[in-house]
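The structure under discussion appears below in the form of structure tokens.
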Amino acid sequence: MIPPEPSLWPTVAALTHICGACAALSVGLWLAPRRDRFGPAGAPLVASLLLTALWGLTVTVAGTGSVPAAFALALRDLAYLVALYRLFASDGRHTSFAPVRPVVLALAFATLALPLATIAETHLGAATGHWQHRMAWHMTAMLAMLVSVGSLVLVHNLYVGASPAYRAVLRWPASALALVWIYELNLYTVAYLSGRWPEELAALHGLVDIVFALVLLIGASRRREELRLRPSRAVAFHSFSLLLMGAYFLAMVGISQWLAYSGGDYARWLQFGFLIVGVAAAALMLPSRRLRAWLRVTLTKHLFQHRYDYRGEWLRFNRTVGRVNSGKNGGDTPLDQRAIQAVADITDSPAGLLLTPDESGELALAAAWQWLSPQISGPAMPAGTVHFLQSRGFIIEIDRVRAGHDEFGEAAFVPAWMRDDPRAWAIVPLLHFERLVGAVVLARPPQARRLDWEDFDLLRIVGQQLASYLAEQAGQEALIEAARFDDFHRRIAFVMHDIKNLASQFSLLARNAERHAENPAFRADMLVTLRNSAEKLNALIARLSRYGTSVEKIGPCDAGAIARAVAGQFDHRHPVTVIERLPCTLSANRDSLEQVLLHLVQNAVDASDTGAPVFIAIAAASPAHGTMCSIEVIDSGRGMSPEFVRNRLFKPFDSSKPNGFGIGAYEARELVRAMGGRLEVESREGLGSRFVIHLPLAGAIRTTDARDPDSRGKVA
């Protein structure tokens, strides 16, 4: 017969208990002259450390289940109870909290009964049958569990009922005592349920004694009030996630074992089938964005005093705003999109929009981040929104507006497209020196919730910081544009120099013609000079686009005649068709309007394929525009992207054409504005573009002049 292999656990138990005894003895001797730091409980805590060291030595020499170890353990537990009662006395509650003394006495009696129960169990194990010994074993384990549970209840009442100032002193000794009794409760529970002494778990008791001594050492230090356990949100989130995963797989193993015991002939089929289904379910749930958002909200709500880790949020904000080479194909993401993401990351919103004020005081779409196809037609938010957000700095919760709440009049400024789009969740204003730079519309996060004061405070601060960045970028763009204008002016200076030379040649030629007009040789040379000068002047004009947005004289103009004249300039070059639905007499400057149409038709021709028609459509006043007449330039060419229309089409010196000045569309819009109208554009990539000029009718201007004589000659 082969003898059983000896177990290593007695050796492990001896080592851990020796280490625990050394730690308890060292801390006890160090704490003895400093015991007043724990008040009346100082001496009992020193005694408990010394008795813990004695118990560790006894276990090492005589063994865990020996009678000497039981008596040493009882003495240690009595010291713990005395220390706990003196902690009540330190706060003055031992006189008013009458139930404390009977409970402590009852626990002391049960503690003294434990060695006697151990002696009885040992005697019964040697002298009687199996069932008597088993009953004695269960009684001993139950008595030890009772002592642990009662002691933990006392520790809980000690800490919960203490004043806030005294909790700083109680935190460390109460934690040390609770740690020991929680461990022993689990130890005796396992022993009671298994019917045997768990020597593997009992061998680690010495490590608990080490931690007990170290916690008391920290509690006796002078800087104990500054020592707090502050796990970061990332650590808490990942720890809780691992705990949930562990609980999930533990439940899977338990159910699998139950299926193995109760499944009969199909046990293995049920067992492994359940494991496969459970693993597949975990693989689907764990990467879920909604599950992660729920975990984060739950942990933040129950574990932390504040919702946000402000240091982490600020670092993430600066990384998002300041990063480069983060766009598609390695390009830089525009600041507008990074600004949206910086705000959206705070509330875990998956997308967002940036709205900025336009010339008419309405908020228009400036950029989108991960928001596919926003359904916005015309202005994104109505006029008056800028003043409302500037005056109140109010963060609008769109869900509350949908529910009918209108505390500050915000419902009037939430447009229909935003109410109808279920993604729209909140509007965050971006204020810079009490001036609205823009507003961010946040999409609904996976775990939707109500915003509270902490959300509002953080979003306002981040909005102000982003507003300063956007205002700085706008200032830099203005400086760059001014520099481009300076460069353009320098070019004009060179052009003026060439024109001056040509004018000098013409002046000299005119003076000589007065004296040598009859000379055939002079006439021949004059023709050559005129031809060369004309060629130089034509080349110069071809290189320059007429630039200027001032309108000198406004009067009645026939829109159809101007459109036909412009179309005639493209004869034999490209088909341009004029559609005059109704005759329309405008109040405009003929030359300026012709220049505007020439710019727009030329752009339409450039964007169209050879032979593809371009249309100029003229319509009189419509109910939508009142006393305005519209002239449309329509093509079916390449079209433009929404981003190009928003950010580049009307920006001077930004041209998509090789060697283009990039001022045609800009000049057209400014000329239309100078004549009291407006220019609108609709375009789709691959489908074409539609430019609409709205100008007042001549009759409408005369009616206005008749009502207000002071308005004559003024241009809007």
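Bear in mind that the values in this text are calculations on the coordinates, not laboratory data. Everything numeric in this text was worked out from a predicted model, so none of it was measured. Note that we place each Cβ from the backbone using ideal geometry, even for glycine, and neighbour counts take in every protein chain shown.
Based on the mean of other beta carbon atoms within 10 Å per residue, what is the order of 591-604, 685-698, most packed first?
Peptide ranking by packing, descending: 591-604, 685-698.
Pop a pseudo-label 7 angstrom from the Cα along the beta-carbon direction at both residue 67 and residue 417 and give the gap in nm to one decimal.
Simple spin-label model gives 9.1 nm for this pair.
Which FRET efficiency value, to the nearest 0.05, do you get for residue 89 and residue 214 by plugging their Cβ-Cβ distance into 1/(1 + (r/R0)^6) with R0 = 25 Å?
Plugging the Cβ-Cβ distance into 1/(1 + (r/R0)^6) gives 0.50.
Could you check the spin-label model distance between residue 391 and residue 309? Points 7 Å from the Cα along Cα→Cβ, value in nm.
According to this spin-label approximation, the distance is 4.2 nm.
Considering only the other residues whose Cβ falls under 11 Å of the Cβ of residue 462, what net charge follows from Lys and Arg at +1 and Asp and Glu at -1?
Within the 11 Å Cβ shell, the charges total -2.
Residue 18 to residue 492: extension gain in nm, 0.36 nm per residue of separation minus the Cα-Cα distance?
Taking 0.36 nm per residue and subtracting the Cα distance, the gain is 161.2 nm.
Just to confirm my numbers, what's the Cα centroid distance between the range 565-609 and the range 34-52 in Å?
So the two Cα centres are separated by 99 Å.
Return the sequence-ordered ³J(HN,Hα) values of the range 174-188 in whole Hz as given by the Karplus equation 6.51 cos²θ - 1.76 cosθ + 1.60 applied to θ = phi - 60°, using x for Gly and Pro.
Coupling constants for the range 174-188: 5, 5, 5, 5, 4, 4, 5, 6, 5, 4, 5, 4, 5, 4, 6 Hz.
How far apart, in nm, are two points set 7 Å out from the Cα along the Cα-to-Cβ line at residue 481 and at residue 192?
8.0 nm
Could you work out how much longer the chain between residue 405 and residue 138 gets when fully extended? Use 0.36 nm per residue separation minus the Cα distance between them, nm to one decimal.
89.7 nm
Hey, how many Å between the Cα centroid of the range 183-207 and the Cα centroid of the range 407-457?
Here the two parts' Cα centres lie 57 Å apart.
If you put +1 on each Lys and Arg Cβ and -1 on each Asp and Glu Cβ, how big is the dipole of the range 434-494 around its Cα centre, in Debye rounded to 20?
In total the dipole reaches around 240 debye.
Pull out the extension gain between residue 681 and residue 499, defined as 0.36 nm times the separation in residues minus the alpha carbon to alpha carbon distance; nm, one decimal.
Separation in residues times 0.36 nm, less the Cα-Cα distance, equals 61.9 nm.
What order do you get for 50-60, 360-370 when each peptide is scored by the mean count of other beta carbon atoms within 10 Å, highest first?
Highest-to-lowest ranking by the protection proxy: 50-60, 360-370.
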